[in-house]
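S.K.: I have a structure here, written as structure tokens, and I will follow up with some questions on it.
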Amino acid sequence: MRTHEHKAGAKPAALVPSVVVVALLFLSACASSPATSSASPGTRFPVSIAQPGGTTVTIAQRPRRIVSLSPTATEMLFAIGADSQVVAVDDQSNYPASAPKTKLSGFQPNIEAIAGYTPDLVIAAEDTGGLVHGIQALHLPILIEPAARNLDDSYLQIAQLGAATGHATEAATLVAKMRSRVGAFVASVAKPARPLRIYHELDNTYYSVTSATFIGQIYKLLGLTNIADAATGAAPDYPQLSAEYIVSSNPDLIVLADTKCCAQDIGTVGSRPGWSGIAAVKSGAVIGVDDDIASRWGPRVIDFMQAVAPRVQQLEKAA
Amino acid sequence: MLGVKWRSAPLVVRGLPSLPALWAAVGVVAFLAACAVGALMGPVHISAGTVVSALTGGSIDSGQANILWSLRFPRVVLGALVGGMLAIAGAAYQGVFRNPLADPYLLGAAAGANLGATLAIAFGPGTTLIGVNLVPLAAFAGAGAAVAGAYVLGQTVSGLRSNTGLILAGVAIAAFFNSIQMYVQQSQTGSLRQVYSWILGRLTTAGWDGVWLVLPYVVLSTAIIFLHRRLLDALMVGDDEVVTLGISVRRVRLIVVVAATLGTAAVVAVGGTIAFVGIIVPHTIRLLAGRSYTVVVPLSMLFGAAFLVLADTASRTIVAPAELPIGVITAFIGAPFFIVVMRSTRAATL
């Protein structure tokens with residue numbers, strides 16, 4: 001909330017507006033303000049946000065025209081109640097459905113096209129094609145919120161977006177809720193003596209994720225052993241595994257993140273030659289998750305854990 | 001049958017060198033040795049005794065038998081088919097165009113296959129047509145369409161008596177198809193990784209399905225090229241002289257190019273556009289064993305198969321349990337090897 005400063009020695013007539021203002025402030029402070037309709041108390045502008053590389057970005061006032069070029073950032077913005085401040089999101093931001101999707105690309109950003117939406121804040125996941133340089137040349141603030149490596153990164157990004165949009169309280173509430181749901185999922189799975197082995201599939205050419213990725217960290221929290229970790233030497237985060245190795249590792253659980261892109265499901269996996277003997281295939285422990293949920297690091301990680309954790313719990317009971 | 005009077009052809013080309021027995025033996029040994037290496041090595045350690053037992057029908061652990069028969073052996077066989085086909089197609093193209101730098105992708109087969117595969121991966125993943133996955137079908141169709149387009153274009157430009165028109169048409173078609181492929185690849189960010197992976201080449205096998213898919217094409221194509229090896233020698237003397245020998249240059253060129261392209265399209269459809277094999281293997285054979293196509297054609301087949309099987313073994317063992325795209329290996333090994341061979345051979349043979 002803004003306080004208006006008045007010059008010393010104002011004429012008595014000028015006191016009337018100040019009295020009105022003070023009265024209004026008094027009244028609004030007493031009334032409980034709905035969290036989503038105005039800036040939360042405690043958010044001051046200008047605010048400085050730390051950026052990768054050690055720089056900071058200063059946002060002078062509450063942004064009203066946000067352009068999001070990152071699907072995860074879009075999900076976060078809508079989850080913290082900044083939806084009315086978002087005027088355009090990129091072509092990959094398909095959640096929530098009410099997000100104002102445009103043809104803007106986060107991969108091949110077109111600075112002119114972005115400027116066409118007269119944004120006062122731009123948010124992206126990576127600085128490709130000179131995006132940061134271009135937006136800064138327009139004297140606009142741009143926040144880069146890169147792929148999170150673990151849940152703490154994700155919570156930090158939600159907090160940053162909360163501070164940047166004037167929804168710090170909602171952001172903190174969301175983070176607390178996520179922490180407690182994650183904690184509940186983690187508590188619900190036992191940590192058996194022989195950890196269950198998991199294979200997470202990104203596409204049908206056997207690209208997988210190691211524990212150095214966001215999704216890999218989720219599996220680690222759930223106490224699973226990721227078979228792709230043996231390939232960390234080849235690629236630290238997204239190795240392409242050999243079919244022979246996957247079959248011989250005999251994973252207990254297979255999570256398919258290629259149900260939409262490559263039309264894979266338990267049937268197609270089971271019919272791959274040599275795969276029918278895998279423990280996960282024999283016990284039917286092949287889960288398909290939405291490709292988007294598995295590739296983003298926003299609030300829907302809870303949905304991801306909802307899909308995976310109960311199955312892990314079930315497998316551990318059966319083991 | 002093949003546009004040539006068979007009775008006159010042997011008269012014409014009699015006296016050309018035939019394949020020396022020593023080189024044939026070396027080729028066969030190299031091929032068998034490479035297959036042995038491919039069967040014995042892999043990201044999963046399986047003892048030599050187990051592999052031999054699996055091949056001779058002895059009883060072994062079912063998990064290892066599964067890996068060997070469903071994954072490793074089909075991959076070795078496919079590697080041999082793909083490598084042999086690309087090398088022999090390269091030799092055929094080099095013979096037809098009288099150019100030692102020709103490769104099977106000269107007339108746009110790679111560009112067409114890449115475009116077909118990109119479209120199939122981006123817009124129809126997982127769909128099957130007549131029981132076969134759409135991607136190899138689309139790649140095959142794309143490769144065929146590109147070469148056919150190059151032929152038609154080359155014919156309108158300068159007539160098929162001249163090689164140059166055909167090659168230029170191939171370059172134009174390849175550039176055009178490449179541009180469309182690049183646009184689709186860039187605009188469909190969701191499938192970027194799969195497309196890129198396909199283009200670099202990978203001998204992923206659907207068990208033996210990939211082998212059965214390419215086998216008829218490879219057999220047919222290889223047979224036709226093999227039968228024309230003496231004619232390829234005859235073509236070396238030049239278009240005008242060859243016509244006086246009673247050989248229809250246009251028809252021989254058409255048949256050989258069609259056969260080579262058919263085989264190339266089939267193996268590229270399954271394995272992706274693996275580079276270097278088609279140009280390096282025949283050229284190296286030529287530098288080492290002699291310029292006659294009676295030598296180059298059969299040896300290219302054997303050594304091409306051996307080369308690709310070894311490259312594939314490397315791609316799945318070097319960074320095991322991860323895999324490297326095979327195109328990276330063929331270029332990495334092939335280029336320096338080729339330079340060594342070139343430097344150690346007399347310049348006169350080039």
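The values are calculated or read from the model by the stated rules, or taken from the named source; none is laboratory data. Computed from a predicted model, the values in this text were never measured in an experiment. Note: ideal-geometry Cβ built from the backbone for every residue, glycine included; neighbour counts use all protein chains shown. SASA here: full protein model, heavy atoms, side chains in, ligands and nucleic acids out. Shrake-Rupley method; radii C 1.70, N 1.55, O 1.52, S 1.80 Å.
S.K.: Rounded to the nearest whole Å², what accessible area per residue is found for the stretch B:123-227 with the 1.4 Å probe?
M.R.: 49
S.K.: Hey, any idea what the orientation-averaged projected area of the convex hull of the stretch A:166-317's Cα atoms comes to, in nm²?
M.R.: Its average projected convex-hull area is 9.5 nm².
S.K.: Which percent, to the nearest 5, of DSSP beta bridges fully inside the protein assembly as shown are antiparallel?
M.R.: Rounded to the nearest five, the antiparallel share is 30 percent.
S.K.: If you don't mind, another one. I'd like to compare A:265-275, B:305-315, B:81-91, A:280-290: which one has the highest average count of other Cβ atoms within 10 Å, and what's the full order after that?
M.R.: In descending order of packing, they fall as B:81-91, B:305-315, A:280-290, A:265-275.
S.K.: Quick one: plug the Kirkwood hydrodynamic radius of the stretch B:37-76 (C-alpha pairs) into Stokes-Einstein at 37 °C, 0.692 mPa s, and report D in µm²/s.
M.R.: Taking Rh from Cα pairs, D becomes 332 µm²/s.
S.K.: For B:313-322, what's the mean count of beta carbons from other chains sitting within 10 Å of each residue's beta carbon?
M.R.: 6
S.K.: Can you tell which of A:P100, B:I60, A:G183 lies farthest toward the positive end of the dipole of the protein assembly as shown, using +1 and -1 charges on the Cβ of basic and acidic side chains (Lys, Arg; Asp, Glu)?
M.R.: Positive-most Cα among the choices belongs to B:I60.
S.K.: In whole Å and largest first, what semi-axes does the C-alpha gyration tensor of the stretch B:93-184 yield when each eigenvalue is scaled by 5 and square-rooted?
M.R.: Over the Cα atoms of the stretch B:93-184, the semi-axes work out to 28, 13, 11 Å.
S.K.: Please list log₁₀ I(q)/I(0) at q = 0.18, 0.19, 0.23 Å⁻¹ for the stretch B:266-350, using the Debye equation with identical point scatterers on the alpha-carbon positions.
M.R.: -0.80, -0.87, -1.13
S.K.: Let me ask something additional. Can you order the peptides A:51-63, A:81-93 by their average number of other Cβ atoms within 10 Å per residue, highest first?
M.R.: A:81-93, A:51-63
S.K.: Per residue, what volume in Å³ does the Cα convex hull of the stretch A:125-238 take up?
M.R.: 127
S.K.: Shifting gears a bit: Rounded, prolate or oblate: which fits the stretch A:279-319, taking a ≥ b ≥ c as square roots of the Cα gyration tensor eigenvalues, rounded meaning a/c under 1.5, else prolate when a/b beats b/c?
M.R.: oblate
S.K.: Moving on to the next point. Around B:S187, with a cut-off of 14 angstrom between Cβ atoms, what is the net charge of the other residues, counting Lys and Arg +1 and Asp and Glu -1?
M.R.: So the environment of B:S187 carries a net charge of -1.
S.K.: Let me ask something else about it. Among the listed pairs A:K220/A:K260; A:K177/A:K282; A:K220/A:K282; A:K101/A:K220, which are separated by more than 30 Å between their Cα atoms?
M.R.: A:K177/A:K282; A:K101/A:K220
S.K.: Now for a separate question. Taking every residue in B:41-52, how many Cβ atoms of other protein chains lie within 10 Å of its Cβ, on average?
M.R.: Mean shielding count: 2.
S.K.: Would you kindly calculate the mean projected area, averaged across all directions, of the convex hull enclosing the Cα atoms of chain B, in square nanometres?
M.R.: Approximately 19.2 nm², given one-decimal rounding.
S.K.: Over 17 Å, how big is the tail of the calculated P(r) for the stretch B:26-142, in percent of all Cα pairs?
M.R.: 69
S.K.: A further question follows. For the protein assembly as shown, what is the calculated [θ] at 222 nm in deg cm²/dmol (nearest 500), taking -39500 (n - 2.57) for each run of four or more DSSP H residues and dividing by its residue count?
M.R.: Helix contribution divided over all residues of the protein assembly as shown: -17500 deg cm²/dmol.
S.K.: Under 8 Å for C-alpha pairs, at least 6 residues apart: give me the relative contact order for chain B, rounded to a whole percent.
M.R.: After rounding, I find 30 percent.
S.K.: Right, another one. If the viscosity is 1.306 mPa s and the temperature 10 °C, what Stokes-Einstein diffusion coefficient in µm²/s follows for the stretch B:223-273 when Rh is the Kirkwood radius over Cα pairs?
M.R.: The diffusion coefficient I find is 133 µm²/s.
S.K.: Looking only at Cα atoms, what is the convex hull volume of the protein assembly as shown per residue, in Å³?
M.R.: Dividing the Cα hull volume of the protein assembly as shown by its residues yields 200 Å³.
S.K.: Under 15 Å from the Cβ of B:I318, count the other residues' Cβ atoms, weight Lys and Arg +1, Asp and Glu -1, and hand me the total.
M.R.: My count for the surroundings of B:I318 gives -1.
S.K.: Apply the Kirkwood formula to the stretch A:232-319: the hydrodynamic radius equals the inverse of the mean of 1/r over all pairs of different alpha-carbon atoms; give it in Å with one decimal.
M.R.: Every distinct Cα pair counted, the radius reaches 14.1 Å.
S.K.: Based on the Kirkwood radius over alpha-carbon pairs, what is the Stokes-Einstein translational diffusion coefficient of the stretch B:14-56 at 37 °C with 0.692 mPa s viscosity, in µm²/s?
M.R.: Stokes-Einstein gives a translational diffusion coefficient of 259 µm²/s.
S.K.: Going by a ≥ b ≥ c, the root eigenvalues of the Cα gyration tensor, does the stretch A:70-143 fall in the rounded group (a/c under 1.5), the prolate group (a/b larger than b/c) or the oblate group?
M.R.: Note, shape of the stretch A:70-143 comes out prolate.
S.K.: Jot down the radius of gyration and Dmax of the stretch A:220-268, Cα atoms only, both in angstrom.
M.R.: Every Cα atom of the stretch A:220-268 included, Rg and Dmax give 12.0, 32 Å.
S.K.: How large is log10 I(q)/I(0) at q = 0.20 Å⁻¹ when the Debye formula is applied to the Cα atoms of the stretch B:122-226, each weighted equally and without solvent?
M.R.: Debye curve over Cα of the stretch B:122-226, log10 I(q)/I(0) at q = 0.20 Å⁻¹: -1.19.
S.K.: Oh, and also: Over all directions, the average projected area of the alpha-carbon convex hull for chain A comes to how many nm²?
M.R.: If you wrap the Cα atoms of chain A in a convex hull and average its projections, you get 20.6 nm².
S.K.: Okay, moving on. Just tell me how shielded A:276-286 is by partners: mean number of partner chain Cβ atoms within 10 Å of each residue's Cβ, no decimals.
M.R.: What the average comes to for A:276-286 is 1.
S.K.: Report relative contact order for chain A in percent, whole number only (criteria: Cα-Cα under 8 Å, sequence separation at least 6).
M.R.: It rounds to 14 percent for chain A.
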